[in-house]
1. Can you classify region 65-124 as rounded, prolate or oblate using the Cα gyration tensor, where a ≥ b ≥ c are the square roots of its eigenvalues, rounded means a/c under 1.5, and otherwise it's prolate if a/b beats b/c and oblate if not?
2. Would you list THR120, THR28, THR102 from the most to the least accessible area, probe 1.4 Å?
3. Which residue, chosen from LEU9, PRO41, THR102, occupies the Cα position most advanced towards the positive end of the dipole of the chain, where the dipole is computed from +1 (Lys, Arg) and -1 (Asp, Glu) charges on Cβ about the Cα centre?
4. Could you work out the Kirkwood radius for the chain, taking every pair of different alpha carbons, averaging 1/r and inverting it, reported in Å?
5. I'd like to know which of LEU57, ILE20, ALA69 lies farthest towards the positive end of the charge dipole of the chain, counting +1 on Cβ of Lys and Arg and -1 on Cβ of Asp and Glu.
6. Would you look at the GNM of the chain, springs on alpha carbons closer than 10 Å, and say which of ASN38, ASN49, ASN15 moves the most?
7. In the neighborhood of ASN49, defined by Cβ-to-Cβ distances under 13 Å, what is the net charge if each Lys or Arg adds +1 and each Asp or Glu adds -1?
8. To the nearest 10 square angstrom, how much accessible area does ARG27 have with a 1.4 angstrom probe?
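The values are calculated or read from the model by the stated rules, or taken from the named source; none is laboratory data. Since the structure is predicted, the reported quantities are computational estimates derived from the model, not experimental observations. We place every Cβ from the backbone using ideal geometry, glycine too, and count neighbours over all the protein chains shown. Note: accessible area is taken over every heavy atom of the protein model, side chains too, but ligands, DNA and RNA are not part of it. Shrake-Rupley method; radii C 1.70, N 1.55, O 1.52, S 1.80 Å.
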Amino acid sequence: MNRYLPLILLGVLLNAFAQIALKQGMRTIGHFAFSIENIVPVGTRVMLNPYVIAGLLCYVVSVIVWLLALSRVEVSYAYPLLSVGYIVAAFAGQILFQEALTPVRWAGILVICFGVFLVTRSAS
């Protein structure tokens, strides 16, 4: 199963990149109120935003890659590896958006890393 780890990680990285692209897209659109009046103007800005489009495309490709991975490995092996995306998103958020990585978040990242290590060691 470890031979499919690059395929799984590609899907995870595409998923994380999708999150980052969507975040950037929404940063460019800015804060808006959820209201009937905003459906068309804000919806149009969201649908035409290049970052949102890129994020959604990454999601589509990540689903295709994920389906390939699931056809080759056990879901109990692959699914926990999705948590690597949390790590990537946390670091990308810090680097790209100046989000804080507090000690508690660092502790969570270390726990996730340990969990991913255990899952990859369990492959047969």
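1. Verdict is oblate for region 65-124.
2. So the residues, ranked largest to smallest area, are THR28, THR102, THR120.
3. Checked the options; the winner is LEU9.
4. Numbers: mean 1/r = 0.0622 Å⁻¹.
Result for the chain, one decimal place: 16.1 Å.
5. Result: ALA69.
6. ASN38
7. Numbers: positive: LYS23, ARG27, ARG45; negative: none.
Result for the neighbourhood of ASN49: +3.
8. For ARG27, solvent-accessible area is about 120 Å².
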